[in-house]
Amino acid sequence: DTRAVAVSKGQLGTLAYLQGELAEAAERYQEALALFQRINEPVMEAVAWHQLGMVYQEAKQWEAAEQAYRQAAQLKEEQGLLGGSVSAGNSWQQLAQVCVYTGRKEEAEQWYNKDLAVCRAADDRPGIAGTLSNLANLLANDPARLDEARSLAEEGLAIDLTLDPAAAEIWKTYTILARIADQQGDESRAAEYRSKAEQAFAPYAGGDGHGSIVAKAGRWLRRVFGGA
């Protein structure tokens, strides 16, 4: 059963990735990719390409990551998979991140806007909120666009407040808004947003308490957006 073997190879790749064994993860995903290509399953081939991109991105192999995400996005677009859990939008988001890491912020903005347009057309509210936050965080690196960044983050926040708190991870949006307020010299508003971030994060903080929320948020921002 070639398909079952390919799926198992992909699962082994995911386990290796989660254990930090990036070379093994890449090997397993490449094996899965070859099998999905052999049996002509473009959707699963796209998934394998995307996962390979994640491995290369984690290894900071930016060119390889970008090519993998582009392959994944192209296959998904050809299959009409623009939204949902296996979508071109997911690969566009990752391409934006790679562009941020490699200093191509204008191109990153284009990828985010492409995904945002699709999310709006499909009325994908979680997708809209997440992409708005990503865009806001990107634009917050430009002092001339802080007002625009704040507007985007506030729009995302308004949607986040209507969603399941665990799925929305609203503390991330509050953290971005706090960062913007800091840069605009609005210390009281920045403190207010940090307080709200702590309150939103508290149910998921385990035994850490509230004091580490800013550090956790900072690590998240650096990991996901690079240089933020």
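The values are calculated or read from the model by the stated rules, or taken from the named source; none is laboratory data. Source: prediction; values computed, not measured. In this analysis, Cβ positions are derived from the backbone assuming ideal geometry, glycine residues included, and neighbour counts consider all displayed protein chains. Side chains included, ligands, DNA and RNA excluded: accessible areas come from the protein's heavy atoms. Shrake-Rupley method; radii C 1.70, N 1.55, O 1.52, S 1.80 Å.
Data overview
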{"read-out": "Gln37 under 30 Å from Asp123 (Cβ atoms) and either within 17 Å of the chain's Cα centre (by Cα) or part of a helix (DSSP H, G or I) (or both)", "value": "no"}
{"read-out": "Filtered residue count, region 71-91, keeping only those that are assigned to a helix (DSSP H, G or I) and within 17 Å of Arg125 (Cα to Cα)", "value": "3"}
{"read-out": "Selection from region 45-60 of residues that are buried (at least 19 other Cβ atoms within 10 Å of the Cβ), of a type outside the set (Gly, Ala, Ser) and within 20 Å of the chain's Cα centre (by Cα)", "value": "Val47, Trp49, His50, Gln51, Leu52, Met54, Val55, Tyr56, Gln57"}
{"read-out": "Complete set of residues in region 28-44 that are surrounded by fewer than 21 Cβ atoms within 10 Å (Cβ to Cβ) and over 23 Å from Gln97 (Cα atoms)", "value": "Glu31, Ala34, Gln37, Arg38, Ile39, Asn40, Glu41, Pro42"}
{"read-out": "Subset tally (residues that are open to solvent by less than 50 Å² (accessible area, probe 1.4 Å) and either aliphatic (A, V, I, L, M) or without any contact (Cβ under 8 Å) to a residue 40 or more places away in the chain (or both)) for region 90-106", "value": "6"}
{"read-out": "Helices (runs of 4 or more DSSP H) contained entirely in region 109-204, each with at least 1 residues that are modelled with pLDDT of 95 or more and either buried (at least 16 other Cβ atoms within 10 Å of the Cβ) or aromatic (Phe, Trp, Tyr) (or both)", "value": "125-139, 146-160, 170-183, 187-201"}
{"read-out": "When residues of region 9-25 are limited to those that are within 20 Å of Gln37 (Cβ to Cβ) and free of Cβ contacts under 8 Å to residues at least 24 places away in the same chain, the one surrounded by the fewest Cβ atoms within 10 Å (Cβ to Cβ)", "value": "Gln11"}
{"read-out": "Identity of the residue in region 206-220, hydrophobic (A, V, I, L, M, F, W, C), more than 10 Å from Tyr174 (Cβ to Cβ) and in contact with a helix residue (DSSP H, G or I) (Cβ under 7 Å, 6 or more places away or on another chain), that ends up modelled with the lowest pLDDT", "value": "Trp220"}
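Condition check ((1) modelled with pLDDT of 95 or more; (2) basic (Lys, Arg); (3) within 25 Å of Ala23 (Cβ to Cβ); (4) in contact with a Cys (Cβ under 6 Å, 6 or more places away or on another chain)) across all residues:
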position: Trp49; (1), (2), (3), (4): yes, no, yes, no
position: Ala59; (1), (2), (3), (4): yes, no, yes, no
position: Tyr69; (1), (2), (3), (4): yes, no, yes, no
position: Gln74; (1), (2), (3), (4): yes, no, no, no
position: Leu81; (1), (2), (3), (4): no, no, no, no
position: Ser85; (1), (2), (3), (4): no, no, no, no
position: Glu106; (1), (2), (3), (4): yes, no, no, no
